[in-house]
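Peer 1: Please see the structure below; I have some questions.
The values are calculated or read from the model by the stated rules, or taken from the named source; none is laboratory data. A quick note: this is a predicted structure, and the numbers were derived from the prediction, not measured. Quick reminder, even Gly has a Cβ in these numbers, built from the backbone with ideal geometry, and neighbours come from all protein chains shown. Accessible surface areas use protein heavy atoms only, side chains included; no ligands, DNA or RNA. Shrake-Rupley method; radii C 1.70, N 1.55, O 1.52, S 1.80 Å.
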Amino acid sequence: MAPVMALVVALGSGCRAEPAPEGITVLIEAPPDSLDSRLALTAMGQRLSQLLTPGLVTVDDHGRPVPDLAESFQELSPTLVEFTLRPGLTFHDGGPLTAWDVKATYDSVREPALASPRAERYAALEWVEVKNARTVRFHLRQPFAPLLADLSLGILPARRASAAFKQAQDASPVGAGPFRFESQPDEEHLTLVPFAGYFRGAPAIPRLHFRVVRDETTRVLELLKGRADLVLNALSPATLPALEREPSLRVLTRPGTGLAYLGMNLREGALADARVRRALCQLIDVEPLVTYKLHGLAQPAQGLLPRTNWAWAPVSGCRYAPEEAARLLDEAGYPDPDGSGGTPRLTLQLKTSTDRLRRSIALVLREQLGQGGVAVEVRSLEFATFFNDVRRGNFELFTLKWASVVEPDLMRGAYHSANVPSEKNHFGGLNRGALEDAALDALLDEASRVPTPERLRLYARAQERLDELVPVVPLWHEDSVAVVSRRLQDFEPSPHGFFTPLARARQVGP
C-alpha cells in the first residue's frame with residue numbers, strides 16, 4: 001500500500017476536526033511566482049492572479065474566449081478588434097476602470113523595462129486605441145486569431161501599470177477581480193477578501209486563505225483535521241477513495257484539459273525515425289494505467305487537444321498493437337537480435353521527476369516498452385534539475401504534462417520548428433523534442449491568421465499531420481479533481497484547474 005494511502009487508512013477515522021480559521025483555506029503545493037499576470041510564468045501565479053485582476057475576456061470550458069470585464073467584443077476586420085467595457089467597473093481601490101486602463105496595461109506588457117515574459121505573445125499587436133471611456137480597439141500588424149484568448153491579461157489601473165510600479169503591483173496587487181489582496185506575510189501564505197464592488201456581486205466567502213503545503217501527506221492530514229477546505233488537483237488518485245469515505249469531505253471531479261505525455265528527443269538517434277516513435281506509441285497500453293494508477297480519473301488521449309476543445313478533431317491515434325510495433329522496429333533497422341525477445345532491440349533512458357505517482361507511471365512504461373524489446377532506464381530527478389534537462393534537450397525520453405490546454409495555437413508553440421529551445425530564446429521554446437516539419441509549420445502559421453471556421457479546417461489537418469509524425473506519445477487528459485470540506489458549498493471544479501469558481505461558492509458554518 002502506498003505510504004500516503006496507508007496513512008489515510010490508519011489515521012482517517014482517528015482524526016478529529018480542529019477549529020477552522022475564519023473563512024475558507026485552500027492548500028496549494030507551490031507558491032505563486034508572481035501575483036501580477038504580466039509577470040507570472042507558473043500556472044499557480046496565473047490562476048491566483050485571475051482572482052485579483054481579471055481580463056477583458058476569459059475562456060469557457062471549451063477553450064473559447066468569452067467576455068469578462070468586457071461586455072462584448074467584435075472583430076471589425078482581420079486586424080482590428082473592438083471591445084466595449086461593462087458599465088460602472090471599479091478597481092479595488094475605488095477608482096473607475098476605463099479604456100485608458102486597458103490601453104496602459106497592454107502598453108506596459110510590451111514595455112522592455114517591465115521585462116514581461118508574456119511580451120512576445122503580443123508581437124502582432126501594433127497599437128491600442130481608446131475610442132471613449134468604455135470602448136477600446138486593438139490594431140494588429142497582421143491577422144492573428146489567437147490574440148483573442150491572450151486578451152485575458154489582467155487589467156491594472158493606469159497609474160500602476162508602468163515598470164516603475166512593478167514591485168508595488170506584485171507585492172500588493174490592485175485589480176477589479178472578485179477578491180482583493182489583504183496580506184502576504186511570506187511566500188507560504190496569502191489572504192484575500194471579497195471585493196464589494198465586483199461587477200458580478202461580492203463573493204459569499206468572507207475570507208480566502210491560500211497556504212503552501214508542499215508535502216502531500218501533510219495536505220491529506222490538514223483536510224482530515226478540518227484545517228483546510230479545498231485541495232485542487234494536488235492529491236494522488238490513490239488517496240481519493242479513503243477521502244471520499246470521510247463524512248466531512250467530498251471529492252468532486254470533471255473531465256480536465258491537461259495532457260500527460262511521453263516526450264521524445266527527435267534530434268538524433270533512433271527517435272529521429274518516425275517509425276520508431278510510432279512503435280513506442282503502439283507498445284504503450286494506456287488503459288491499465290488510467291484504470292489502476294489514476295483510478296479512472298483520466299481520459300485516454302489522441303493528441304494535444306482534449307475532446308472538449310472547440311478545435312479537436314478525431315485522428316487514428318496510437319492504439320496498443322505490439323505486433324505492428326515489432327514490424328515497424330524491424331523496418332527501422334532494430335530487429336530482435338536473437339529472435340527470442342530476450343535481448344533488447346534498443347535501449348533508451350527515460351527521465352521523470354521524483355513525484356511518487358510520476359515515478360510509478362514511468363516504471364510501468366518501462367515494463368510495457370521492455371515487453372516490446374525496448375529497454376528503458378528510468379532516472380528520477382528533483383523537478384528543477386529534471387525540467388532544466390528537458391528545456392536544454394538533455395534527454396531521450398521524458399514524462400510531463402501540460403497543466404491545461406485551452407487555445408489550439410498551443411500546437412504552434414509545442415511543435416513549430418521556430419519554437420525549438422535554444423540559447424537564442426533562452427531555452428524557453430516549447431518544442432522540446434525539436435520536431436521540424438515544414439508542412440506542419442505552414443498549417444499552424446496559416447491557422448493563426450485566418451477566421452475561426454477556417455482555423456477548424458486547418459487545425460484538423462494539423463492534428464492529422466501530428467498523428468503521422470508522432471512527436472510525442474499522448475497518454476491521457478487528467479480529470480480536474482477537487483477535495484472540498486463540507487464548509488465549502490457550491491464549488492464546481494474548473495476543467496482548466498482555475499480557482500475562479502471560488503467567486504461563486506459560499507461558506508457554510510463558522
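Peer 1: Can you name the condition, by its number, that residue 296 falls short on among (1) of a type outside the set (D, E, K, R); (2) in contact (Cβ under 8 Å) with a residue 60 or more places away in the chain; (3) closer than 19 Å to residue 497 by Cα?
Peer 2: It fails just one condition, (2).
Peer 1: Every residue in the range 111-125 that is open to solvent by 60 Å² or more (accessible area, probe 1.4 Å) and among the hydrophobic types (A, V, I, L, M, F, W, C), please. Break it down stepwise before answering.
Peer 2: As a first pass, look at the range 111-125 and keep what is open to solvent by 60 Å² or more (accessible area, probe 1.4 Å): 111-113, 115, 120-121, 123.
Of everything in the range 111-125, those that are open to solvent by 60 Å² or more (accessible area, probe 1.4 Å) and among the hydrophobic types (A, V, I, L, M, F, W, C) turn out to be 113, 115, 123.
Peer 1: Quick check: is even one residue across the range 77-99 touching a Leu at 6+ places or on another chain (Cβ under 8 Å) and at positive phi?
Peer 2: Among the residues of the range 77-99, not one is touching a Leu at 6+ places or on another chain (Cβ under 8 Å) and at positive phi, which makes the answer no.
Peer 1: How many of the residues making up the range 363-379 are open to solvent by less than 90 Å² (accessible area, probe 1.4 Å) and among the basic types (Lys, Arg)? Before the answer, list the steps.
Peer 2: As a first pass, look at the range 363-379 and keep what is open to solvent by less than 90 Å² (accessible area, probe 1.4 Å): 363-365, 368-370, 372-376, 378.
Now narrow it down to the ones that are among the basic types (Lys, Arg): none.
Residues in the range 363-379 being open to solvent by less than 90 Å² (accessible area, probe 1.4 Å) and among the basic types (Lys, Arg): 0 in total.
Peer 1: Residue 382 is checked against (1) open to solvent by 60 Å² or more (accessible area, probe 1.4 Å); (2) of a type in the set (D, E, K, R); (3) touching a residue at least 40 places away in the same chain (Cβ under 8 Å) and fails just one. What number does that condition carry?
Peer 2: It fails just one condition, (3).
Peer 1: Return the only residue of 240, 221, 208, 192 being open to solvent by 30 Å² or more (accessible area, probe 1.4 Å), in contact (Cβ under 8 Å) with a residue 24 or more places away in the chain and more than 30 Å from residue 79 (Cβ to Cβ). Please lay out each step first, then the result.
Peer 2: Numbers: 240 fails: open to solvent by 30 Å² or more (accessible area, probe 1.4 Å); 208 fails: open to solvent by 30 Å² or more (accessible area, probe 1.4 Å); 192 fails: open to solvent by 30 Å² or more (accessible area, probe 1.4 Å).
From the options 240, 221, 208, 192, the qualifying one is 221.
Peer 1: Scan the range 472-494 for residues that are in a loop (DSSP other than H, G, I, E, B) and either of a type in the set (Ser, Thr, Tyr) or open to solvent by less than 10 Å² (accessible area, probe 1.4 Å) (or both) and jot them down. Working first, answer last.
Peer 2: Filtering the range 472-494 for residues in a loop (DSSP other than H, G, I, E, B) gives 479, 486-487, 490-494.
Result: 491, 493, 494.
Peer 1: List the residue pairs whose Cβ atoms are under 6 Å apart, where the first residue sits in the range 328-345 and is more than 23 Å from residue 274 (Cβ to Cβ), the second is open to solvent by 70 Å² or more (accessible area, probe 1.4 Å) and in a loop (DSSP other than H, G, I, E, B), and the two are 6 or more positions apart or on different chains.
Peer 2: 343/337
Peer 1: Taking the range 369-398 as the region of interest, how many residues are closer than 15 Å to residue 421 by Cβ and among the β-branched types (Val, Ile, Thr)? Let's see the steps before the verdict.
Peer 2: Step one: of the range 369-398, the residues closer than 15 Å to residue 421 by Cβ are 386-395, 398.
Cutting the leftovers down to among the β-branched types (Val, Ile, Thr) gives us 390.
Matching residues across the range 369-398 total 1.
Peer 1: Mind listing whichever residues of the range 162-189 are within 19 Å of residue 26 (Cβ to Cβ), open to solvent by 10 Å² or more (accessible area, probe 1.4 Å) and small (Gly, Ala, Ser)?
Peer 2: Looking only at the range 162-189, we keep the residues that are within 19 Å of residue 26 (Cβ to Cβ), and these are 173, 175, 177-189.
Now drop any that are not open to solvent by 10 Å² or more (accessible area, probe 1.4 Å), which leaves 180-189.
Hit for the range 162-189 is 183, nothing else.
Peer 1: Which of the residues that make up the range 432-442 are open to solvent by 20 Å² or more (accessible area, probe 1.4 Å) and hydrophobic (A, V, I, L, M, F, W, C)?
Peer 2: Within the range 432-442, 438, 439, 442 meet the criteria.
Peer 1: Would you check which residues across the range 445-461 are under 17 Å from residue 149 (Cα atoms) and among the basic types (Lys, Arg) and list them?
Peer 2: Selection gives 449, 455.
Peer 1: Which ones in the range 405-431 are within 18 Å of the chain's Cα centre (by Cα), surrounded by 19 or more Cβ atoms within 10 Å (Cβ to Cβ) and closer than 22 Å to residue 464 by Cβ? I'd like the intermediate steps shown before the answer.
Peer 2: Pass one, the range 405-431, residues within 18 Å of the chain's Cα centre (by Cα): 405-415, 428-431.
In the following step, the residues that additionally are surrounded by 19 or more Cβ atoms within 10 Å (Cβ to Cβ) were identified as 405-412, 414-415, 429, 431.
Of everything in the range 405-431, those that are within 18 Å of the chain's Cα centre (by Cα), surrounded by 19 or more Cβ atoms within 10 Å (Cβ to Cβ) and closer than 22 Å to residue 464 by Cβ turn out to be 405, 406, 407, 408, 409, 410, 411, 412, 414, 415, 431.
Peer 1: Considering the range 40-88 alone, what residues qualify as being assigned to a loop (DSSP other than H, G, I, E, B), buried (at least 20 other Cβ atoms within 10 Å of the Cβ), aliphatic (A, V, I, L, M) and touching a residue at least 24 places away in the same chain (Cβ under 8 Å)? Break it down into steps so the answer makes sense when it comes.
Peer 2: Applying the first criterion (assigned to a loop (DSSP other than H, G, I, E, B)) to the range 40-88 yields 40-42, 53-56, 60-64, 68-69, 78-79, 86-88.
Applying the additional criterion that residues be buried (at least 20 other Cβ atoms within 10 Å of the Cβ) yields 40, 53-56, 63, 68-69.
Checking the rest, the ones that are also aliphatic (A, V, I, L, M) come to 40, 56, 69.
Result: 56, 69.
Peer 1: For the range 2-18, state whether one or more residues are at pLDDT 90 or above and either of a type in the set (D, E, K, R) or farther than 30 Å from residue 241 by Cα (or both).
Peer 2: Quick first cut of the range 2-18, residues at pLDDT 90 or above only: none.
No: the range 2-18 contains no residue that is at pLDDT 90 or above and either of a type in the set (D, E, K, R) or farther than 30 Å from residue 241 by Cα (or both).
Peer 1: Next up: Would you check if residue 235 is out of contact with any Asp or Glu (no Cβ under 6 Å at 6 or more places or on another chain) and not in a helix (DSSP H, G or I)? Spell out the reasoning first.
Peer 2: Values: out of contact with any Asp or Glu (no Cβ under 6 Å at 6 or more places or on another chain): yes; not in a helix (DSSP H, G or I): yes.
For residue 235, the condition - out of contact with any Asp or Glu (no Cβ under 6 Å at 6 or more places or on another chain) and not in a helix (DSSP H, G or I) - is met.
Peer 1: Identify, please: which residue in the range 89-110 is of a type in the set (D, E, K, R) and in a helix (DSSP H, G or I) and is, among those, surrounded by the most Cβ atoms within 10 Å (Cβ to Cβ)?
Peer 2: Here is the first cut: in the range 89-110, the residues of a type in the set (D, E, K, R) are 93, 101, 103, 107, 110.
Adding the requirement that they be in a helix (DSSP H, G or I) leaves 101, 103, 107.
Values: 101: 25, 103: 20, 107: 17.
Filtering first and then ranking leaves 101.
Peer 1: For residues that are under 18 Å from the mean Cα position of the chain (by Cα) and buried (at least 19 other Cβ atoms within 10 Å of the Cβ), tally how many sit in the range 387-399.
Peer 2: Within the range 387-399, the first condition is being under 18 Å from the mean Cα position of the chain (by Cα), and the residues that meet it are 387, 390-391, 398-399.
Narrowing the set further to residues that are buried (at least 19 other Cβ atoms within 10 Å of the Cβ) leaves 390, 398-399.
So the answer is 3.
Peer 1: Can you work out which of the residues in the range 285-324 that are of a type in the set (Gly, Ala, Ser) and out of contact with any strand residue (DSSP E or B) (no Cβ under 9 Å at 6 or more places or on another chain) is surrounded by the most Cβ atoms within 10 Å (Cβ to Cβ)? If you could, list the steps in order and put the result at the bottom.
Peer 2: Of the range 285-324, the ones of a type in the set (Gly, Ala, Ser) are 296, 298, 301, 303, 311, 313, 316-317, 321.
Next, from what is left, pick out any that are out of contact with any strand residue (DSSP E or B) (no Cβ under 9 Å at 6 or more places or on another chain): 296, 311, 313, 316, 321.
Numbers: 296: 11, 311: 21, 313: 19, 316: 9, 321: 16.
Among them, the one singled out is 311.
Peer 1: So if I check each of 466, 458, which one is in a helix (DSSP H, G or I), open to solvent by less than 40 Å² (accessible area, probe 1.4 Å) and within 22 Å of residue 269 (Cα to Cα)?
Peer 2: On the way: 458 fails: within 22 Å of residue 269 (Cα to Cα).
Exactly one residue qualifies, and that residue is 466.
Peer 1: Examine the range 252-271 for a residue that is open to solvent by 30 Å² or more (accessible area, probe 1.4 Å), farther than 30 Å from residue 89 by Cα and polar (S, T, N, Q), and state whether such a residue exists. Step through it out loud before you land on a result.
Peer 2: From the range 252-271, those open to solvent by 30 Å² or more (accessible area, probe 1.4 Å) are 252-255, 267-269; that's our starting set.
Then keep just the ones that are farther than 30 Å from residue 89 by Cα; that gives 252-255, 267-269.
Filter again for polar (S, T, N, Q), leaving 253.
Scanning the range 252-271, I find at least one residue that is open to solvent by 30 Å² or more (accessible area, probe 1.4 Å), farther than 30 Å from residue 89 by Cα and polar (S, T, N, Q), so the answer is yes.
Peer 1: Hey, residue 480 hits all of (1) over 18 Å from the mean Cα position of the chain (by Cα); (2) hydroxyl-bearing (Ser, Thr, Tyr); (3) closer than 30 Å to residue 205 by Cβ but one; which does it fall short on?
Peer 2: (1)
Peer 1: So, in the range 111-127, exactly how many residues are under 24 Å from residue 167 (Cβ atoms) and either over 22 Å from the mean Cα position of the chain (by Cα) or part of a strand (DSSP E or B) (or both)?
Peer 2: Taking the range 111-127 as the starting set, the residues that turn out to be under 24 Å from residue 167 (Cβ atoms) are 111-122.
Filter again for either over 22 Å from the mean Cα position of the chain (by Cα) or part of a strand (DSSP E or B) (or both), leaving 111-115.
Residues flagged as under 24 Å from residue 167 (Cβ atoms) and either over 22 Å from the mean Cα position of the chain (by Cα) or part of a strand (DSSP E or B) (or both) within the range 111-127 amount to 5.
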